[in-house]
Ligand code: AMP
Ligand code: GLY
């Protein structure tokens, strides 16, 4: 069969790699793709938001299945456009992708269905939000309602900071229309875990757990980024916590969406905080995480095409979803200066070192082909993933492989997976 993947980052590279393992797939396209994805897929220069051009391309090439990696097209309704034209596509419709697209929606859903999350209020009026802050406990968390490239969350330690934050989000529109509405919520403490899951509208099958490292610098310092590295599984995500989440968070979320007339098919990514009062939802995403996909997919044993199709057809209960009993660590190689200012177009060397090495992967995030060479083309450039028998072995392997790659201004965190030592 022929498959189209939509997106251009490390996550989509990991999806393309996994799709390529399926014996049922004989041709992969990716729009727009990147230099690494080009190894498995024919990359086509169509943007992820050009729904009509994408649908026309699918018809022209007689593509059997489209898989959407990114949030923007899902929240924008690409699945609805494809389904109206009779095209098979994996992902939630617009009315379900709102689970990620609106934080106010997701918080109201959790409140209505008793799904554990931080206490909150939502606001469409800046004055009301500013007034509320006067009596709120610090630190406090401000969230722009809509999509903001993972940057729409501010954790404020003082009242002045919080007031400035409300002004940035709602009045200065720092995150554009994402800030027309905002959520102000209680600050929680604990360990964070990401649990991605496959959903077919009624059945949910969680994948193995992972943990991201969002801050740019070692020791969780510096600015928030898209994610500087991950490990999987999380040693803090115990069987007991998993059982609690299945009962109080995962299935209730799927049931709530169905009850609201918004059946969710695709991936639900649960961002969880393991608090002293039990696990609580930090956020939902409607897609694979980046760089969570880069550690979860290399550990997945089941044919991903079988799972995608079961989600679309509502037969996920018949799928035996299996993960290897090993571990994986991904270290993101960025361009120094990310996430603010960084150079592009720097030549990358050493990519060939990964060829033929089992358990080592280099997923391209921001790369391009230039004059027959591969060069940097973004802030996050590559994700180097390695598996191992356990987390410590995987971490040692990943940091070994980081040295195989060189480019000017190469920057990475040295402490991805450090938390493992505290487990
Ligand atoms: P989100 O985009 O909602 O995942 O938020 C980004 C990051 O902000 C999370 O990964 C947490 O580290 C942090 N965060 C979000 N909400 C809270 C909260 N209520 N309490 C503490 N930290 C939070
Ligand atoms: N790694 C977090 C995300 O993909 O949103």
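Nothing in this text is a laboratory measurement; each read-out follows from the coordinates by a stated rule. Please read all numbers here as calculations on a predicted model, not as lab measurements. Ideal geometry is used to build each Cβ from the backbone, glycine not excepted, and the neighbour counts take in all protein chains shown.
The table below lists the values:
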{"read-out": "Footprinting exposure proxy for 404, 17 (fewest neighbouring C-beta atoms within 10 Å first)", "value": "404, 17"}
{"read-out": "Distance histogram for the range 295-423 (every C-alpha pair counted, 5 angstrom bins, percent rounded to whole numbers)", "value": "2, 10, 18, 17, 15, 13, 12, 8, 4, 1"}
{"read-out": "Hull-based mean projected area of the chain, where the convex hull spans the alpha carbons, in square nanometres", "value": "19.5"}
{"read-out": "For the range 313-387, average projected area of the Cα convex hull in nm²", "value": "8.2"}
{"read-out": "Largest-first ellipsoid semi-axes for the range 114-202, taking √(5λ) over the Cα gyration tensor eigenvalues, angstrom", "value": "24, 17, 12"}
{"read-out": "For the chain, calculated [θ]222 nm from helices alone, where every DSSP H run of n ≥ 4 adds -39500 (n - 2.57)", "value": "-7000 deg cm²/dmol"}
{"read-out": "Sequence of 194, 122, 406 once ranked by neighbouring C-beta atoms within 10 Å, starting from the fewest", "value": "406, 122, 194"}
{"read-out": "Cα-based Rg and Dmax for the range 58-127, where Dmax is the largest Cα-Cα distance (Å)", "value": "16.2, 53"}
{"read-out": "Rel. contact order, % - alpha carbon contacts under 8 angstrom, at least six apart, the chain", "value": "16"}
{"read-out": "Full-stretch length increase - residue 357, residue 247 - with 0.36 nm per residue and alpha-carbon distance subtracted", "value": "35.6 nm"}
{"read-out": "Two-decimal Rg/Rh across the range 160-211, once Rg and the Kirkwood Rh are taken from alpha-carbon atoms", "value": "1.19"}
{"read-out": "Volume of the Cα convex hull of the range 1-158, divided per residue and given in Å³", "value": "155"}
{"read-out": "Overall Cα dimensions of the range 275-329 - principal axes, largest extent first, Å", "value": "37, 27, 20"}
{"read-out": "Potential lengthening between residue 53 and residue 404 on full extension [0.36 nm per residue; Cα-Cα distance subtracted]", "value": "122.5 nm"}
{"read-out": "Protection proxy ranking, peptides 374-386, 292-304, 266-278, average beta carbon neighbours within 10 Å, highest first", "value": "374-386, 292-304, 266-278"}
{"read-out": "Over the range 238-367: Kirkwood hydrodynamic radius from C-alpha pairwise inverse distances, Å", "value": "18.1"}
{"read-out": "Average Cα contact separation per residue, the range 217-308, under 8 Å, 6 or more apart, as relative contact order %", "value": "27"}
{"read-out": "Likely footprinting exposure, 105, 264, fewest C-beta neighbours within 10 Å first", "value": "105, 264"}
